[in-house]
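Below: the structure, in structure tokens.
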Amino acid sequence: MKLKRHIRKTAIALLLATSAVSSWASVIIHGTRIIFPSNEKEVTVRLSNEGQSPGLVQIWMDAGDISAKPDETKVPFILTPPLFRIEPGKGQTLRMIYTREPLPQDKETVFYLNLLEVPPRPVELEEENVNFMQMAFRTRIKVFYRPQVLNSQEAYYKGPSQFTWNVVRDDSGYALEVRNPTPYYFSLINAGLVSPVEGGHSIMNEEGGMVAPGGTQKFPLKDLKSMPAVGQKVKFEFLNDYGSAASAEGALSK
């Protein structure tokens with residue numbers, strides 16, 4: 001009977017923790033993305049503890065495998081300090097140092113910065129309390145290594161105007177497909193079709209996704225019932241280098 005109560009309490013705790021992770025995590029990264037110009041030896045990343053308790057923080061990077069363990073990842077960067085304690089209301093500066101291992105110079109390369117925060121065990125909690133669940137909170141943001149020849153804001157912001165857009169059929173119906181011919185990564189917040197009829201409703205995909213240099217990405221349009229005409233207007237939003245949303249438009253090519 002005691003075991004059943006323990007399992008039930010643990011399940012409830014896990015459910016509550018899952019629904020409230022964003023509000024419980026205290027240590028935050030200043031910024032939602034990092035641009036690393038190839039001509040720089042290192043960049044600094046600012047962290048701060050916005051909570052009421054100290055936190056133990058572990059930092060590592062990965063090359064796209066979210067399940068990779070810190071000691072298994074192979075990236076051309078060194079992070080210092082990799083493990084530290086941060087007091088409430090205090091800040092911490094992280095150094096991200098490029099090891100100069102060769103990376104493509106004709107396009108961006110994306111990596112990911114991981115922050116794992118382990119909050120302290122409450123001091124008033126008794127050691128024998130088996131119903132206590134210690135939660136760790138993970139934050140993961142993108143790091144874009146940008147070759148010096150591409151480090152131009154003007155060229156970057158012109159990128160979305162070079163996208164080509166098509167509507168294709170897939171298993172779930174229709175999808176808006178974008179091709180990115182530029183050497184930059186673009187993270188789209190949303191993408192969709194503007195109604196050809198004045199006052200009509202646009203058909204949007206609000207899930208978004210990232211399109212790689214020279215790559216394609218599909219955005220399912222669940223409400224689209226028939227193939228639209230060539231030239232129909234496309235609207236979308238993408239994240240700029242500062243993590244802010246920027247609006248852009250295009251048109252269907254076929």
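By counting other Cβ atoms within 10 Å of each Cβ, how are Y242, Y112 ranked from fewest to most?
Values: Y242 10, Y112 19.
In increasing order of surrounding Cβ atoms, one gets Y242, Y112.
Taking the Cβ of L193 as the centre, find all other residues whose Cβ is under 10 Å away and add up their charges (Lys, Arg: +1; Asp, Glu: -1).
Working: positive: K233, K235; negative: D223.
Counting the neighbours of L193, the net charge comes to +1.
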Could you pull out which residues in the range 136-150 have an amide N less than 19 Å from a spot 7 Å beyond the Cα of K41, following the Cα-Cβ vector?
-> 146, 148
Going from the fewest other Cβ atoms within 10 Å to the most, one would list V45, V168 as V168, V45
Whole-Å distance linking the alpha carbon centroid of the range 84-118 with that of the range 30-48 is 7
Radius 14 Å from Cβ of V43, net charge of other residues (Lys, Arg +1; Asp, Glu -1) | +3
Short version: ³J(HN,Hα) in whole Hz for each residue of the range 210-218, in order, from phi by Karplus 6.51 cos²θ - 1.76 cosθ + 1.60 (θ = phi - 60°), x for Gly and Pro, what are they?
-> 9, 10, 7, x, x, x, 10, 8, 9
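Rank these for me by crowding, K158, K218, going from fewest to most other beta carbons within 10 Å.
Fewest-to-most ranking of K158, K218: K158, K218.
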Lys, Arg +1 and Asp, Glu -1 on Cβ, resulting dipole of the range 153-251 about Cα centre, debye, nearest 20 | 240
Amide H proximity to T182 below 5 Å, modelled H, separation 5+ or other chain, gives G214
Name the residues whose placed amide hydrogens come within less than 5 Å of the amide hydrogen of G208, ignoring near sequence neighbours (fewer than 5 apart) on the same chain.
-> A191
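No lab work stands behind these numbers, since they all come straight from the coordinates. Model, not experiment: these values are computed from the prediction. Methodologically, a virtual Cβ is constructed for each residue, glycine included, from the backbone with ideal geometry; neighbour enumeration extends over all protein chains shown.
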